[in-house]
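The values are calculated or read from the model by the stated rules, or taken from the named source; none is laboratory data. Just so we're clear, the structure is a prediction, and the values are computed from it rather than from any experiment. Cβ placement follows ideal geometry from the backbone for every residue including glycine, while neighbour counts extend to all protein chains displayed. Quick note on the areas: whole protein, heavy atoms, side chains included, nothing else; ligands and nucleic acids left out. Shrake-Rupley method; radii C 1.70, N 1.55, O 1.52, S 1.80 Å.
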Amino acid sequence: MITTVRTRYAPSPTGFMHVGNLRTAIYEYLIAKSNGGSFILRIEDTDQTRQVEGAVEVIYDTLKIAGLNHDEGPDIGGAYGPYIQSHRKTGYLEYAKQLVDKGAAYYCFCDKERLEELHRDGKEGISKYDRHCLRLSKEEIKAKLESGAPFVIRQLIPEGKTTFKDEVFGEITVDNKELEDQVLIKSDGLPTYNFANVVDDHLMEITHVVRGTEYLSSTPKYNLLYEAFGWEIPVYIHVTAVTNESGEKISKRKGAESIQQLVEKGYIPEAIVNYTTLLGWAPPDNREIFSLSELCDIFTLKGLSKSPSVFDYQKLKWMNGEYLKKMDFDEYYKLAEPVLKQSIKTAGIDLRHIGELCKTRIEFIRQIPSIIDFIDELPDYDIEMYTNKKMKTTSENSLDALKLLTDFLSAQEDFTNDAIYADTVKLAEEKGLKSSQLLWPLRTALSGKQATPCGASELCALLGKTESLRRLEIGIAKLESAQVEK
Ligand code: GLU
């Protein structure tokens, strides 16, 4: 019976973390935190050949960025340490010897050449170890060990069938004939991952194990080990792959980006965590935006999916925009201010106000410059932009509108957004026009753009009277010269 929930994220330090890795860490975290349990970080570095310098620091950094604070780990310690597998190595051999004594494992002295030969002879490339060394007598084994002969320790798979339960895939039964006598302790004395994960999960009192479906086929072997030791089997949660848009599992080798790279590109960590959680897990309702603590409140294993999930950048971008929209203004402005300062050199412009206008219109902070580039300098634009069916404008009536607006704005005393808007609408009414027939040409002349972060009257207020009139003049000249050409 599970009393205290304890989960672990157990990465091998082979490089950075991509969203697939992060997702495992998130699920482990959520299972622990939604049950008032502990989330542990364990570094699985038994395969020394695959280690990448600095990878452990990247793991700490990624968990920190994501807000997945661990309760125990190599950097902060804890009652179940050490939390780096290579630092625990002496214990594994002792445990493997216990299995040998119980008849659940055996010494194997076969050399590389023999194993290679066996592998070559195997049908269709699949070969199981032929139990050559199982035939050795106790005395032969003792003599070999005393002579210092290199050895490995293999698991002895018993006959029969093994059944296990996975929280996502249900009950799975395999015939033990399909299972190989896998190596538990390598000739360098270090445990294989397959052995170390069982021993460590037991010693660290791990209750729930989340890992990829690539481990499903090994799980019966792990369970046979738990049973041989008489240890309690953890709850298994095998999660399906995260794929790219072409259906390939995302991986470091196939160019997946690190979480740090996503952050550098302008993705907000909270949005990354939110989106990543939804890759393979669905909440009970259709809601999509959740903070990590909200996720802790509602996360259950029931929402996990059996099918692979596609990492969709468009969706992540959308979510990033949603996070920017709901971000506290001051927090947002801290990110936006440097970009605004760089993009607007014109004196007297209220940068906070521009920032406010952009906040709901962007998916990334870096999109701000392209939205507001017209403020410093009116871009050269095509007069086609004056023609808009919905607004009922043409280049002809736009020319009239700009002339009318020039007179009106020259005389306008209250140059605030509200006043200009109300007076323009009134002017349109007086002249028997739709208000869009004045506002559209005005917006075009002031910005030279199809899309602006605010409407025409607000653009006037922003640019001020002199600059607004200058831009109207440019618009008039453009439209007039086009008419002459006709
Ligand atoms: N060290 C394994 C990996 O990085 C972890 C698998 C597990 O969680 O047991 O794939």
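Brief remarks on what is shown
- Cysteines not pairable in the chain (beta carbon separation under 4.7 Å absent): Cys110, Cys296, Cys358, Cys454, Cys460
- Residue pairs, from the table Lys33/Lys252; Lys426/Lys465; Lys64/Lys165; Lys403/Lys426, whose Cα atoms sit over 22 Å apart: Lys33/Lys252; Lys64/Lys165
- Between the beta carbons of Lys315 and Asp71, assuming R0 = 41 Å, the FRET efficiency works out to 0.85 to the nearest 0.05.
- Estimated purely from DSSP H runs of n ≥ 4, each contributing -39500 (n - 2.57), the mean residue ellipticity at 222 nm for the chain is -14000 deg cm²/dmol once divided by its residues.
- Nearest-0.05 FRET efficiency for Phe229 and Lys177, computed from C-beta distance (R0 25 Å): 0.65
- Positive contributions from Lys and Arg (+1) and negative ones from Asp and Glu (-1), summed over other residues with Cβ under 15 Å from the Cβ of Gly255, come out at +2.
- Residue ranges 467-479, 32-44, 106-118 sort as 32-44, 467-479, 106-118 when ordered by packing (mean number of other C-beta atoms within 10 Å per residue, highest first).
- Degrees between helix 193-203 axis and first principal axis of the chain (Cα, 0 to 90, nearest 10): 90 degrees
- Of Lys325/Lys390; Lys265/Lys325; Lys102/Lys138; Lys249/Lys315; Lys249/Lys306; Lys112/Lys144, pairs whose Cα-Cα distance is over 25 Å: Lys325/Lys390
- The magnitude of the dipole of the chain, with charges of +1 and -1 set on the Cβ of Lys/Arg and Asp/Glu and taken from the Cα centre, is near 700 debye.
- Summary of packing: across the peptides 457-463, 438-444, the per-residue average of other C-beta atoms within 10 Å ranks them, highest first, as 438-444, 457-463.
- Over all directions, the projected convex hull of the C-alpha atoms in the chain averages 32.2 nm² in area.
- Accessible surface computed residue by residue for the chain, with neighbouring protein chains in place and a 1.4 Å probe, gives 50 Å² per residue.
- Accessible surface of the chain, 1.4 Å probe: 50 percent of it comes from carbon and sulfur atoms.
- Computed Kirkwood radius, in angstrom, where 1/r is averaged over Cα pairs of region 173-312: 17.8 Å
- Taking Cα centre as origin and charging only the Cβ of basic (Lys, Arg, +1) and acidic (Asp, Glu, -1) residues, the dipole magnitude of region 163-204 rounds to 120 debye.
- The mean sequence separation of alpha-carbon pairs under 8 Å and at least six residues apart, normalised by the residue count of the chain, gives a relative contact order of 12 percent.
- The dipole here belongs to region 373-479: it is taken about the Cα centre, uses +1 on the Cβ of Lys and Arg and -1 on the Cβ of Asp and Glu, and is about 400 debye.
- Compared with the dominant principal axis of the Cα atoms in the chain, helix 112-121 is inclined by about 80°.
- Ranking Tyr421, Ser457, Leu295 by how far each Cα lies toward the positive end of the dipole of the chain (charges on Cβ) leaves Leu295 at the top.
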